[in-house]
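Only one structure is covered here, and it is reproduced in the block below.
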Amino acid sequence: MDQLAVRQVRQLPLGERVAHQLRVLIVTGQLEPGTHLVEGALAGRFDVSRGPIRDALRLLEAEGLVESRRRGVYVTGLSEDDVDELFTLRESLETLALTRAVERAGKRDTDALDSLVTAMREAADRGDPAAFAQADLAFHSAFYSLAGHRRLAAVWEQYRPVFGVILDVTNTQDRDLHPAAEAHADLLRAIRSRDVAEATSLLSSHLLGAGDRLRTALRRVTHT
């Protein structure tokens with residue numbers, strides 16, 4: 001994680017900071033499915049009281065990464081079905097957001113997206129997957145802001161953290177991030193030309209590839 005990303009995590013409320021750390025451990029397989037998450041032990045591990053631990057576990061349960069049972073909270077992790085659910089949900093949400101964004105985006109908006117594409121290219125040049133993931137997530141999140149749909153944006157915000165960790169995992173596995181940067185440039189060109197059909201087609205292909213890359217990355221990190 002780069003220094004800017006570290007600072008952003010540190011600015012989060014304590015429960016969200018703990019959730020982020022647990023999220024990384026779960027997605028990367030360092031906390032395996034079935035692991036019992038004991039509040040007291042977690043409080044000691046992260047040097048916090050039990051309140052932030054409870055807040056963190058509630059967030060992770062809403063994301064489907066943990067589940068409450070009779071005897072406590074357990075890691076569920078990310079199965080193949082979970083990956084399918086996450087990416088089909090995201091495609092449905094983001095297609096709507098992108099469609100509305102294409103109709104609403106002005107020059108200032110597309111210039112802002114262009115700066116994020118530039119940031120991705122520069123991160124690819126440096127071989128900096130964390131910075132790439134940050135710009136990538138900001139690029140896609142902009143669709144939800146431009147869509148002007150409060151409830152749609154709220155659903156994305158619920159799942160944005162887990163997709164942030166997913167991007168960190170998948171980008172770390174990629175040796176060359178330039179193709180991904182250029183895919184975003186192609187998507188921006190479709191947005192600028194207000195070609196909704198082309199933009200949504202490119203988005204669908206992009207998310208299909210991202211899901212496949214996640215499955216490959218998860219196999220690697222869980223078998224090392």
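The values are calculated or read from the model by the stated rules, or taken from the named source; none is laboratory data. Treat the numbers as computed from the prediction; the structure is a model and nothing was measured. Please note: Cβ atoms are built from the backbone with ideal geometry, for glycine as well, and neighbour counts cover all protein chains shown. These area figures cover heavy atoms from the full protein model, side chains too; ligands, DNA and RNA do not enter into them. Shrake-Rupley method; radii C 1.70, N 1.55, O 1.52, S 1.80 Å.
Inside the stretch 181-212, can you point out the residues that are closer than 25 Å to GLY77 by Cβ and either aliphatic (A, V, I, L, M) or in contact with an Asp or Glu (Cβ under 7 Å, 6 or more places away or on another chain) (or both)?
Within the stretch 181-212, LEU207, LEU208, ALA210 meet the criteria.
Of the conditions (1) open to solvent by 70 Å² or more (accessible area, probe 1.4 Å); (2) in contact with a Leu (Cβ under 9 Å, 6 or more places away or on another chain); (3) touching a residue at least 12 places away in the same chain (Cβ under 8 Å), GLU61 clears all except one; give me its number.
(2)
Quick one: would you say ASP82 is open to solvent by 30 Å² or more (accessible area, probe 1.4 Å) and in a helix (DSSP H, G or I)? Write out each step before concluding.
Values: open to solvent by 30 Å² or more (accessible area, probe 1.4 Å): yes; in a helix (DSSP H, G or I): yes.
Considered against the rule, which asks whether it is open to solvent by 30 Å² or more (accessible area, probe 1.4 Å) and in a helix (DSSP H, G or I), ASP82 comes out as yes.
Where in the stretch 107-224 are there helices (runs of 4 or more DSSP H), lying wholly inside it, with at least 3 residues that are under 14 Å from THR95 (Cα atoms), open to solvent by 50 Å² or more (accessible area, probe 1.4 Å) and without any contact (Cβ under 8 Å) to a residue 24 or more places away in the chain?
Because the criterion is at least 3 residues that are under 14 Å from THR95 (Cα atoms), open to solvent by 50 Å² or more (accessible area, probe 1.4 Å) and without any contact (Cβ under 8 Å) to a residue 24 or more places away in the chain, the helices (runs of 4 or more DSSP H) in the stretch 107-224 that meet it are 196-221.
Output yes when any residue across the stretch 93-105 is without any contact (Cβ under 8 Å) to a residue 60 or more places away in the chain and either within 17 Å of the chain's Cα centre (by Cα) or farther than 21 Å from LEU187 by Cα (or both), and no when none is. Don't jump to the end; show me each part of the working.
First pass over the stretch 93-105, keeping only residues without any contact (Cβ under 8 Å) to a residue 60 or more places away in the chain: 96-97, 100, 104.
Among the residues that remain, those that are also either within 17 Å of the chain's Cα centre (by Cα) or farther than 21 Å from LEU187 by Cα (or both) are: 97.
Taking every residue of the stretch 93-105 in turn, at least one turns out to be without any contact (Cβ under 8 Å) to a residue 60 or more places away in the chain and either within 17 Å of the chain's Cα centre (by Cα) or farther than 21 Å from LEU187 by Cα (or both).
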